[in-house]
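Before any comments, here is the structure.
Read-outs throughout are calculated quantities, based only on the coordinates presented, and are distinct from any laboratory measurement. These numbers come from a predicted model, not from an experiment. In this analysis, Cβ positions are derived from the backbone assuming ideal geometry, glycine residues included, and neighbour counts consider all displayed protein chains.
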Amino acid sequence: MKKALMLLVVMGIGALALAGCANHYPTEPVINELVHFDTDKYNLKPEAQRALDYKIAYLKHYPGKKIFVVGHCDERASDKYNLDLGRHRAEEIQRYLVNNGINPKRIETMTEGKRRPLVPGKSKAAYAQNRRAEFYIIGLNTAQ
């Protein structure tokens, strides 16, 4: 129950974060599991690939859906570095989805860098939770 409640909080925070993005996408959480990254890395760990495989199955089941991937970082390093790293994280996920059969026109990416931490604080645990990617449905895919 506690994990489910935290998940709802996480998805709600992500939706609020996207509410201010330039394109004003209507957002809806896609699939509950976030993807996490190691410090200064954007490569996908095996557990991240398993989470993405579930998202791939979802997207194949709903071919009219488009997905929005947002890359995040912890607060360490400069704004520019973290924006670049967040972009690399989102793009790495996009590559994985495309390599596994998802049309690239169904995927949009964005970076938040360190601007929207999920967990406040300066601990290893907080940093680990903030190094993540979040996923949202942004509407129907019209370019199939």
Q: Could you pull out the trypsin sites (Lys or Arg not before Pro) across segment 39-128 that fall in loop regions by DSSP (anything but H, G, I, E, B) with no more than 11 other Cβ atoms inside 10 Å?
A: LYS122
Q: Name the long-range amide H neighbours of THR111: under 5 Å, sequence gap of 5 or more, or other chain; modelled H, no Pro or chain starts.
A: GLY71
